[in-house]
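Everything on this sheet refers to the single structure shown next.
Computed from the coordinates by the stated procedures, all read-outs in this text should not be read as laboratory data. None of these values were measured; they are calculated from a predicted model. Cβ sites come from the backbone with ideal geometry, for glycine too, and all protein chains shown count toward neighbours.
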Amino acid sequence: MIRFFLGKLLYLVPTFLGVTIVAFGFVRVLPGDPVLLMAGERGISPERYDQLMQQLGYDQPVWWQYLEFLGRLFRGDLGESLVTKSPVLSEFLTLFPATVELALCAIVLATLIGIPAGVLAAVKRGSWFDQISMGTALIGYSMPIFWWGLLLIILFSGVLGWTPVSGRISLLFFFPEVTGFMLIDSLLSGQDGAFGSAVAHLILPTIVLATIPLAVIARQTRSAMLEVLGEDYVRTARAKGLPWRRVVGVHALRNAMIPVVTTIGLQIGVLMAGAILTETIFSWPGIGKWMVDSIFRRDYPAVQGGLLMVAAIVMAVNLIVDLLYGLINPRIRHV
Amino acid sequence: MTGYSKLLMTAAVCLAAAGAQAKTLVYCSEGSPEGFDPAPYTAGTTFDASSRPIYNRLVEFEKGTTNVIPGLAERWEVSEDGLQYTFHLRPGVKFHTTDWFTPTRDLTADDVIFSFERQRDASSPWNQYTAGISYEYFNSMEMGTLIESIEKVDDLTVRFNLTRPEAPFLANLAMDFASIMSMEYADQLAAEDRMSDLNQQPVGTGPFQMVAYQQDAVIRYRANAEYWNGKPPIDDLVFAITTDPAVRLQKLQAGECHVMPYPAPADIEAIRADENLTLMEQPGLNVAYLAYNTQMPPFDNPQVRRALNMAMNKQAIIDAVFQGTGEAAKNPIPPTMWSYNEEIEDDTYDPEAARQMLEEAGVTDLSMKVWAMPVQRPYMPNARRTAELIQEDFAAVGVDVEIVSYEWGEYLERSSAEDRDGAVILGWTGDNGDPDNFLGVLLSCAGVGEANRAQWCSEEFSDLINQAKATSDQEERAELYRQAQVIFKEEAPWATIAHSTVFMPMSNKVQGYVMSPLGSHQFDAVDIAE
């Protein structure tokens, strides 16, 4: 097991180096730069432009800038935002809990609905439930998130008035951040109604962010179940006279879960991508919205630091999923 | 007391105040401020959250106008030669007492000098108080070369010595970058080795003081009870940062905020129809234009430029692109600005005459590029659509148009190049309400290769502008600017397209809101009806 773990870890080193190149290169490949955007319609004289670029250290050759970036990175320093002048790492860490809270709620919702729906669709293959749920999953998968979010806001917040429009909690509540997770902080605050308000604010963004993973999980569960249900041991179990519910729930589902767990683990990347749009629509102060703002401002250190952190987190989660997989299925360890 | 317990105390005080029916105004702002020190920034979003609520300037813009009125200086004198400005400060002005600073003295000349010297003097430790900082407004308003020295005459008197007479100087001092900071607070930050907090934990003299900023989410302010101009009617001011205009409107309609800026043009009719909302509007201090490159043939010939101007159906653009929320522009400055020349006649839309003029100028089979901005700006809702309409109009007089576009930063840079190929759609929003801020910046010879996208250098025009800049009498200046507009119209370096209308939707409960022609959003005089 330890060899398996070390082997996986070793793979991460070149991957991470590759990510640093992509993160560093991405923002520089985009046309335009922070100085030009700041000057705006007024324009800027070439002398002043050179002076500012030099002040920011962008007059150096790109490879040199990259090495400097790597050097600072190994000292745990992601640099300072060009715009806010605050350390990128501290900005990231301030905003990250909001994204994690939303992503966790979304993945829990997607799993809680996606797995039973997939199982039921597989068991009742070809039924109206199967048709409708898989049709819905396809729609969910293809839904433009931005449009979907606005639609929900207009219906549930605008027309029906059931949910708040945006934000993390009602502005009436004001308490210091302890964990950065609003659900926890609102409980810790002891203020009446704060937790309820935090939950209410989470509903719509959770639904929007969960939509794509939900569709993927439901479809994956269905196909994994179908495969397992056709296996000999399932037939044997049925032939032994075990109740159908037990065959599906224990014999089939447990085996079908292996690819589903992997799928859920892989959704972390999808969630991060989805968070960018979801957070923008719901004014959710997480890293997705922050990255969008930073890209628009060509805030090089913020974009490259943010990309790197997100990539590192996705890699870490995938590593954990791999390890779990190894635990669930011992055969994997020797491959 | 620890930071947290202080925050808790503040929260408790806020809640207690809420019990006593504190009036809280919620403003759905359009973005996060870049920081809370206005000097290094150029974005209106940042100024709305920093300089306008928190700080004051020596002089201020009168609400709803671009007139300069006393601010922290209650009066001032200008020497005969226009080279010396002496400001007499208001006595007894208090800086904010916050969780992070308790002032021991009132505003003095030292604070004024500090506020400018840190931007002016590269050797000041405050010039680079965080790495890579620069003062773009101070620099682009040429304050560095304009101010020769600033001297303290006494505690409440400060004198600016200029290198040349410059009439817009006073208006410049009302701009955001000229906000007055506390030198005592700066000294404290320096002593505690946390200078960069100047940009995070502001201390000013303004109508509101900052309580807390939750990044990208909420900014909370409390009314300054000791404000020299009287405590604002509301007790708390909250900015709920909401980037999407459709979501802002939903929040406004759901009662989650009281005021929102920048509605989507497509939503204007729905807002008008909503009986719980009030829609304020006013002509923006802006202009959208198409700038020819007057250095490149055949656009170096004014007759060609005038002919193309006559081929453009401006009204069709106003109707289709601005959806009626704008007015056709005939001058480079908006009609709300002093010195606007009413007597100028706009080019009539006449494709036939345009075609003839082009022929007379010997221009046939002309192909040209029209540049369309990739972004929406307050003066231009949709540049692509505008370019397409221009393309049709020009095709009608036999001119073939290719529409090009670039990423915004690149667009701004490439469009400045003197050898640029094609005519550029762009615009401008005024910084300080002074005509020089349009005519001087955008059209003088000094701006060629930068903000002067027409690359147009008329000595006659530039002489008038420079003369006006050095004249202190406003009526004399206005006359010079009116003459300059005549030359502009004859030479036609631009096709002036439109001045857009700015909208401000708000709840019916909001009272006393006054729109600023300069586009800033201020709440010191606003009240909420119970």
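Brief remarks follow.
- Signed unit charges on C-beta, dipole axis of region A:88-334, positive-most listed residue A:Val108, A:Thr211, A:Gly126: A:Gly126
- Simple point charges give the picture: +1 on the Cβ of Lys and Arg, -1 on the Cβ of Asp and Glu, and for the protein assembly as shown a dipole about the Cα centre of about 5860 debye.
- Modelled spin labels at B:Lys152 and A:Lys124, positioned 7 Å past Cα toward Cβ, are 8.3 nm from each other.
- In a fully extended conformation the segment linking A:Ala200 and A:Ile113 would gain 29.4 nm over its present Cα-Cα distance, using 0.36 nm per residue.
- Derived scalar couplings ³J(HN,Hα) [region B:62-68; Karplus, 6.51 cos²θ - 1.76 cosθ + 1.60; whole Hz; x for Gly, Pro]: 5, 4, x, 9, 10, 6, 8
- Chain B, helix-only ellipticity at 222 nm - DSSP H runs n ≥ 4, -39,500 (n - 2.57), divided by all residues, nearest 500: -8500 deg cm²/dmol
- Distance between modelled label sites at A:Leu138 and B:Glu62, nm, 7 Å Cα→Cβ extension: 6.8 nm
- Taking Cα atoms only, the orientation of helix A:194-229 departs from the longest principal axis of chain A by about 50 degrees.
- Here the calculated FRET efficiency for B:Met195 and B:Arg105, from their Cβ-Cβ distance with R0 = 25 Å, stands at 0.75, rounded to the nearest 0.05.
- Our compactness index for chain B, the C-alpha radius of gyration over the empirical 2.2 N^0.38 Å, is 1.03.
- One decimal place: the segment B:Glu77-B:Cys445 gains 129.3 nm when fully extended, by the rule 0.36 nm per residue minus the C-alpha distance.
- Dipole magnitude (debye, nearest 20) for region A:88-334, charges at Cβ of Lys, Arg, Asp, Glu: 1140 debye
- Residues of region A:146-184 with an amide N closer than 17 Å to a point placed 7 Å from the Cα of A:Phe296 along the Cα-to-Cβ direction: A:146-147, A:150, A:167.
- 3J(HN,Hα) from dihedral phi, region A:108-125, Karplus parametrisation 6.51/-1.76/1.60, rounded to Hz, x for glycine, proline: 5, 4, 4, 6, 4, 8, x, 5, x, 5, x, 4, 4, 5, 5, 5, 9, 4
- Calculated FRET efficiency, A:Leu12 to A:Trp64, Cβ-Cβ distance, R0 = 22 Å: about 0.25 to the nearest 0.05.
- At most 14 other Cβ within 10 Å, DSSP loop - GluC sites (Glu not before Pro), region B:258-334: B:Glu275
- Here the extension length gained between B:Asn161 and B:Trp338 equals 61.0 nm, from 0.36 nm per residue of separation less the Cα-Cα distance.
- Rounded to the nearest 10 degrees, the angle from helix A:2-29 to the longest Cα principal axis of chain A is 40 degrees.
- Long-range HN-HN contacts of B:Gly326 with modeled amide H, under 5 Å: B:Thr501
- In a DSSP loop and with at most 10 other Cβ atoms within 10 Å, the GluC sites (Glu not before Pro) in region B:137-193 are B:Glu192.
- Using a Förster distance of 45 Å, the FRET efficiency for B:Thr97-B:Glu142 (Cβ separation, nearest 0.05): 0.80
- Only one residue of A:Leu188, A:Thr262, B:Pro125 has its Cα farthest out toward the positive end of the dipole of the protein assembly as shown, where Lys and Arg carry +1 and Asp and Glu -1 on Cβ, and that residue is A:Thr262.
- Cα long-axis angle, helix A:62-74 against chain A (0 to 90 degrees, to the nearest 10): 60 degrees
- Residue among A:Lys240, A:Lys289, A:Lys124 with the largest mean-square fluctuation in a Gaussian network model of chain A, springs linking Cα atoms under 10 Å: A:Lys240
- Taking label positions 7 Å along the Cα-Cβ direction at both B:Glu530 and B:Thr364, the computed distance is 8.1 nm, reported to one decimal.
- Other residues lying with their Cβ under 10 Å from the Cβ of B:Phe138 contribute a combined charge of 0, Lys and Arg counting +1, Asp and Glu -1.
- Take the Cα of A:Glu177, go 7 Å toward its beta carbon, and the backbone nitrogen atoms of region B:196-229 under 14 Å from that spot belong to B:212-220.
- Overall, the ratio between the Cα radius of gyration of the protein assembly as shown and 2.2 N^0.38 Å, rounded to two decimals, is 1.06.
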